[in-house]
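Q: Mind looking over this structure? Questions follow.
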């Protein structure tokens with residue numbers, strides 16, 4: 001069962017972070033945006049309503065034109081987006097929380113807080 005207690009502080013990026021959502025067969029299935037993000041996971045808005053708790057997804061996160069990162073995660077909660085009609089929100093937990101890819105993710109999260 002998913003514990004709603006946060007394992008890391010989530011932040012709202014100052015600049016849009018877009019996302020291409022793929023399944024394990026690496027087929028793009030949806031596009032969206034990051035609502036908030038942390039070292040442990042993210043909340044993603046998308047028009048796709050077909051993901052369920054436990055689904056494993058691959059995300060291509062674009063922090064800006066030159067900074068992108070691929071990250072794998074698991075859906076830990078889902079629900080409608082009460083602010084955007086027809087959109088869904090998904091809570092994702094990152095599959096990896098250590099290593100060079102995760103270190104780069106932490107750097108990109110910190111850079112997304114800086115205003116341009």
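Taken together, the values in this text are just the output of simple stated rules run on the coordinates, not laboratory data. Only a predicted model underlies this, so the values are computations on that prediction, with no experimental measurement involved. Cβ coordinates were reconstructed from backbone atoms using ideal geometry, including for glycine residues, and neighbour counts include every protein chain displayed.
Q: Condition first: touching a residue at least 60 places away in the same chain (Cβ under 8 Å), loosely packed, with under 11 Cβ neighbours inside 10 Å and part of a loop (DSSP other than H, G, I, E, B). Can you find one or more residues in the range 106-115 that meet it?
A: Yes, the range 106-115 contains at least one residue that is touching a residue at least 60 places away in the same chain (Cβ under 8 Å), loosely packed, with under 11 Cβ neighbours inside 10 Å and part of a loop (DSSP other than H, G, I, E, B).
Q: Which residue pairs have Cβ atoms closer than 7 Å, lie 6 or more positions apart in sequence or on different chains, and pair a first residue in the range 74-96 that is in contact (Cβ under 8 Å) with a residue 40 or more places away in the chain and at positive phi with a second residue that is in a strand (DSSP E or B) and surrounded by 16 or more Cβ atoms within 10 Å (Cβ to Cβ)?
A: As it stands, the answer is none, since no pair meets every condition given.
Q: Identify, please: which residue in the range 32-53 is assigned to a loop (DSSP other than H, G, I, E, B) and in contact (Cβ under 8 Å) with a residue 60 or more places away in the chain and is, among those, surrounded by the fewest Cβ atoms within 10 Å (Cβ to Cβ)?
A: If we take residues in the range 32-53 being assigned to a loop (DSSP other than H, G, I, E, B) and in contact (Cβ under 8 Å) with a residue 60 or more places away in the chain, then 39 is surrounded by the fewest Cβ atoms within 10 Å (Cβ to Cβ).
Q: Same structure again: Taking the range 54-73 on its own, how many of its residues are free of Cβ contacts under 8 Å to residues at least 12 places away in the same chain and closer than 15 Å to residue 20 by Cα?
A: Matching residues across the range 54-73 total 2.
Q: Which numbered condition trips up residue 70, out of (1) surrounded by fewer than 16 Cβ atoms within 10 Å (Cβ to Cβ); (2) more than 11 Å from the chain's Cα centre (by Cα)?
A: (2)
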